[in-house]
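See below for the structure under consideration.
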Amino acid sequence: MESKTFNTVCPKDCFGSCALKVKVENGKIIGVYGNKDHPVTKGMICVKGKNYTKMVYSKERLLYPLKRVGTRGDGEFRRIPWEEAIDTIHTRLASLKEEYGPESILYYCGSGNMGIVKEAAYGFWYQFGGFTSVYGDLCNAAGVEALNLTYGSRKSNALEDLENSKLIVLWGKNPANTHLHMMYHINRALKKGAKLVTIDPRISESSHESDLHLRPRCGTDGCLALGVAKRLVETNTIDIDFINRNTHGFDRFREFLKDYPLEKVAEITGVPQNEIEAFVGYIGDNPHYALVCGFGLQRYTNGGQTVRTIALLPALTGSIGKRGCGLYFGDKQGPGLVWPYLPQKPDKIRGIPLALLSTELNQQTNPPIKAMWIEAANPVTSNPNSSSLKNGMNKLDFIVVCDLFLTDTARMADIVLPAASPFEYYDLVKGYGHSYIQLQQKVIEPPGECKHESEVYRMLGRRFGFDETYLPENSLDVIERVIEASNLNTTREKLKEKAYLHQDFQEIAYSDLKFDTPSGKIEFYCQQMRDKWGQSPLPVYREPAEGKRTTPLLYKEYPLHFVTGHSRKKINSQFSNILELREDPLLAINPTDAKTRKIESGDAVRVFNTRGEVKLKAFVTDKVPLGFVHAFFGSWGDEANVNKLTADRLTDIGYGAAFHDCLVEVEKYFNNGKNS
């Protein structure tokens with residue numbers, strides 16, 4: 001039997017960007033393993049990566065184009081030839097463009113895969129003459145913008161430097177589920193004697209060995225950080241020399257902190273004063289520490305200012321630019337990748353915020369959105385306010401979805417196109433958990449009639465008579481052009497053997513103490529916050545838009561704060577349909593809240609608010625605090641789609657999605673639809 005092993009990479013929306021070895025025998029993948037030679041991932045891959053073949057060879061995988069024959073959303077389709085699919089799409093898009101203009105077509109590309117080759121889409125859409133695009137992010141937009149405004153960039157020390165830390169703070173971060181390579185180094189640091197402080201309402205999979213665990217009320221992390229900052233200043237637990245040399249606006253910040261006395265902070269956050277003092281004491285004992293900031297805490301309407309406040313804490317003690325310390329919020333060092341096949345950009349490109357997609361579709365601006373093209377995304381599951389989103393999609397004339405499976409979104413389509421898996425096309429991948437650039441190799445041919453989106457655009461472009469120069473065939477030659485255009489000092493042949501790291505990479509972030517801000521320093525006072533976003537230049541704390549203080553009448557009716565997290569077995573909604581990775585959609589609820597509602601573990605429960613309702617299974621646990629319920633998001637199917645409960649709101653900066661401003665009520669569910 002002919003056998004070959006390829007080096008490649010997992011391109012999923014994840015901190016890992018894991019280097020993989022894929023064994024192929026007679027044109028079929030027989031094994032997916034971690035590549036031990038990668039300097040960061042070192043052969044470690046997650047349970048999802050270990051089950052990649054189950055995705056590639058799933059019986060549920062789409063192998064042929066489909067055309068809707070039933071009611072939209074019912075999932076009734078018939079197989080059609082590619083020629084009919086392309087002709088139908090061409091006819092409908094051309095007609096809508098003629099009647100309403102190119103902006104009537106909404107192009108939605110998600111982060112299902114992270115490589116540069118997805119940019120091939122613009123070779124088509126630019127030649128189409130325009131479109132409506134989405135901007136912002138569902139994941140980390142507020143936090144990324146906060147870091148860019150405060151530090152001028154987003155850098156972190158190399159992950160292995162965590163092992164030099166004496167104190168590690170996990171603030172809203174659960175790396176056991178979301179970043180296994182980070183968790184590996186954290187565990188090694190703890191074995192060497194490092195202390196661990198966790199700040200999270202939930203006792204998570206990462207927090208069991210915490211020396212101290214603070215559990216703030218949802219959305220109050222910024223207030224807690226201001227209280228900690230005030231005590232650090234008051235106790236002189238700061239590095240004034242570092243502050244004077246490397247920061248801007250500290251005097252204003254110090255004066256501003258007077259508004260956040262410890263008693264007030266404790267009352268707002270629900271964290272006892274003695275626990276806040278204990279945290280300050282840990283920092284006093286280890287002023288150079290590693291602060292790992294998660295993405296979830298910036299998914300509130302106050303998310304940007306929250307991350308800004310937390311990010312400023314290491315600057316107070318000079319915990320920047322040294323070993324064993326620093327701020328971790330992803331790493332984006334080195335140049336970005338450049339797609340070299342772009343025609344002239346048309347004028348008729350309209351943008352709408354991704355987080356407000358359901359509102360935009362239902363309001364229908366002028367010209368109206370009449371069609372959607374969706375790829376690498378499952379917005380019906382992943383976007384907020386999904387019932388409203390489906391209602392808006394039902395108003396559209398035409399929907400095309402490219403995917404591997406008949407997802408909740410694909411079931412809404414008029415035409416479904418079978419996409420290629422990451423093992424069936426070439427790409428170049430730069431992640432955000434480390435800064436290595438890796439080659440994604442094509443190791444097998446797509447099954448059935450599956451095609452990568454770039455090939456779909458080539459076929460459709462020919463039908464429109466577009467210039468195929470801007471619609472290149474997916475190949476290693478294209479990858480070589482990207483390497484050249486991006487000025488990378490490597491080749492496609494070298495990338496087959498090892499990952500590439502740009503020569504300017506800093507193993508210790510900001511070791512040169514250079515910050516790409518207007519002041520050239522870390523900005524306690526950031527004028528860009530006002531100029532760009534209309535927000536205070538100082539990190540003022542404001543309550544979330546939905547909560548017991550801001551919406552007391554709503555809180556009286558829906559008294560539980562609902563937060564959704566990332567499961568170990570899913571990447572957003574991906575892998576949800578893989579049998580080996582399926583899990584019951586559980587709602588974690590505090591024993592006191594459960595007792596009040598006569599709920600026991602294992603009971604079916606109805607979780608509801610003004611936006612919708614879902615059916616989950618109760619998991620009664622003291623790992624979540626009173627007044628707080630938690631579920632992992634990403635489950636397929638209308639009953640368990642937790643984003644039916646979330647509102648489409650924007651974060652304060654970055655155009656992010658404020659998923660966690662969400663109040664609900666929970667009650668026991670009975671099959672007859674009646675409740676006790």
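FYI, it's all coordinate maths here, none of it is from the lab. Just so it is clear, the structure is predicted and the values come from calculations on it, not from any experiment. Here the Cβ is made from the backbone with ideal geometry for all residues, glycine too, and neighbour counts use every protein chain on show.
List of remarks:
- Between 0 and 90 degrees, the angle of helix 221-234 with respect to the longest Cα principal axis of the chain falls at about 30 degrees.
- Sorted by Cβ density within 10 Å, fewest first, the residues His248, His660: His248, His660
- Out-of-range pairs (alpha-carbon distance over 31 Å; input Lys42/Lys118; Lys230/Lys595; Lys50/Lys617): Lys230/Lys595
- If R0 is taken as 45 Å, the Cβ-Cβ distance between Asp241 and Arg549 corresponds to a FRET efficiency of 0.70.
- Here the contact order of the range 552-668, divided by its residue count and restricted to Cα pairs under 8 Å and six or more residues apart, works out to 37 percent.
- With N as its number of residues, the range 56-168 has a Cα radius of gyration that, divided by 2.2 N^0.38 Å, comes to 1.62.
- Averaging Cα coordinates gives a centre for the range 595-615 and one for the range 519-585; these two points are 22 Å apart.
- Distance from the Cα centroid of the range 414-450 to that of the range 12-34 is 11 Å (rounded to whole angstrom).
- D (Stokes-Einstein, µm²/s), Kirkwood Cα radius, the chain, 0.692 mPa s at 37 °C: 126 µm²/s
- Residues Thr235, Thr490, Thr301, sorted so that the one with the fewest Cβ neighbours within 10 Å comes first: Thr235, Thr490, Thr301
- Shown for the range 271-427: lysine pairs separated by 8 or more places, or found on different chains, whose C-alpha atoms are under 20 Å apart, numbering 4.
- Per the Cα gyration tensor, the range 552-668 maps to an equivalent ellipsoid with semi-axes of 21, 20, 12 Å, ordered largest to smallest.
- Put in order of Cβ neighbour count within 10 Å, fewest first, the listed residues Ser111, Ser382 become Ser111, Ser382.
- Stokes-Einstein, applied to the Kirkwood radius of the range 3-56 over Cα pairs at a viscosity of 0.692 mPa s and 37 °C, places its translational diffusion at 292 µm² s⁻¹.
- With an a/c value of 1.5 or above and a/b not larger than b/c for the gyration tensor axes a ≥ b ≥ c computed over the alpha-carbon atoms, the range 486-565 is described as oblate.
- Taking each DSSP H run with n ≥ 4 as -39500 (n - 2.57) and averaging over every residue of the chain yields -8000 deg cm²/dmol at 222 nm.
- For the range 316-395 versus the range 109-150, the inter-centroid distance based on Cα atoms is 5 Å.
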